[in-house]
Structure formats: structure tokens, C-alpha cells
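Chemist: Okay, here's the structure, questions in a sec.
Just so it is clear, none of the values below were taken in a lab; they were calculated from the coordinates. Not measured: the values here are computed from a predicted model.
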Ligand SMILES: [Zn+2]
């Protein structure tokens, strides 16, 4: 059985050592419905059984994957996984990413565009989803004002970028 077949049949132990290969395979598009569903199951199982040596980039990759392919029926499982995700010292806690993912799937279930979720979690305006309508830089006061428009649903949002200690902070109205 090759590594992909092992991933599809949720053989986590076998996949652990070759996870890069698995991730690469599943990042290619398009996937069949079966592959999509299998990898959602795989990602959930993996997050359930995290081991101390698992790298943060793997956790982030799996969460991103669930963001794109997860469906609202995995919400109960995500609620269980969230508290066992590791906090990262001095960095953004992965449990926040899990909360964001949960909010995203709840909105998906309610038919609300994903842009609302991004805005609620203080997204940067410089993501694919948004078109920047205007940007006014106030260099003396260390902030910039943005108006962005969602390319999917045309909602517009106004906000400001403030220079934070490590990275910019975004506040949206
Ligand atoms: Zn939108």
C-alpha cells in the first residue's frame, strides 16, 4: 500500500513519517470528492492524536486544509480538538486559528460570505479575497485607512492598519 492509500485509509502511524508527501498530494487540485472527504477525516484524526514532536507548520497546514475543505458537520469534532491544540509561546495561539475555523464553518452553514469572518478576526486587507478600494497613509500618526471590497459578495469594509509591536494590527468597523 503506498503512502496515499495509507492516508486515504487513515493509517496515521504510517503517514507520520511521510506527511510532507501526503500534504503535497492533497494540496494539488482538483481532488476527487473521496480524496477531499478522506483528507478531512485524516486531518481531524491527526489533530486529535498530536504528538509533542509534531511541527507547528503541520498543525497550521492541517487547519488551513480544514478551512478550505471542511464542512459544517465537523463542527462538534473541532470543538473537541480546539482545547488540545498547543499554545505557541510569544506567537499567535493555534486555538485562535481553531476558533476562526469554527466561526468560518458556522457562517458557511448559515450561507454567510467568508469575508465577514475574516473581518471579524482582524484580517489584513492584502488577501486575495479583497480588492482595495482606497488606502490613505497617515505616516506621521503611524496608521493607514483602508476601504476594501469583497470580490465574492461585493461587501465593503472600512478599517485601519496600525503599526503593532511585531506586526500590523487591523481594526475594522
Ligand atoms: Zn464577501
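Chemist: For segment 7-33 and segment 92-117, what is the centre-to-centre distance using only Cα atoms, to the nearest Å?
Modeler: When both Cα centres are located, 24 Å separates them.
Chemist: Does segment 1-112 come out rounded, prolate or oblate, given a ≥ b ≥ c as the square roots of the eigenvalues of its C-alpha gyration tensor, rounded meaning a/c under 1.5 and, failing that, prolate meaning a/b above b/c?
Modeler: oblate
Chemist: Kirkwood Rh over alpha-carbon pairs of segment 67-117, then Stokes-Einstein at 10 °C and 1.306 mPa s: what D in µm² s⁻¹, rounded to an integer?
Modeler: 138 µm²/s
Chemist: Which percent of the Cα-Cα distances in segment 122-173 go past 17 Å?
Modeler: Details: 413 of 1326 pairs.
Considering segment 122-173, 31 percent of its Cα-Cα pairs are separated by more than 17 Å.
Chemist: Which whole-number percentage describes the relative contact order of the chain, with Cα contacts under 8 Å and a sequence gap of 6 or more?
Modeler: Here the relative contact order equals 11 percent.
Chemist: Do the sum for the chain: with -39,500 (n - 2.57) for every DSSP H run of n ≥ 4, divided by all residues, what is the mean residue ellipticity at 222 nm, to the nearest 500 deg cm²/dmol? Display every interim value, and only then the final one.
Modeler: Numbers: 8 runs with 79 residues, N = 173.
Result for the chain, helices only: -13500 deg cm²/dmol.
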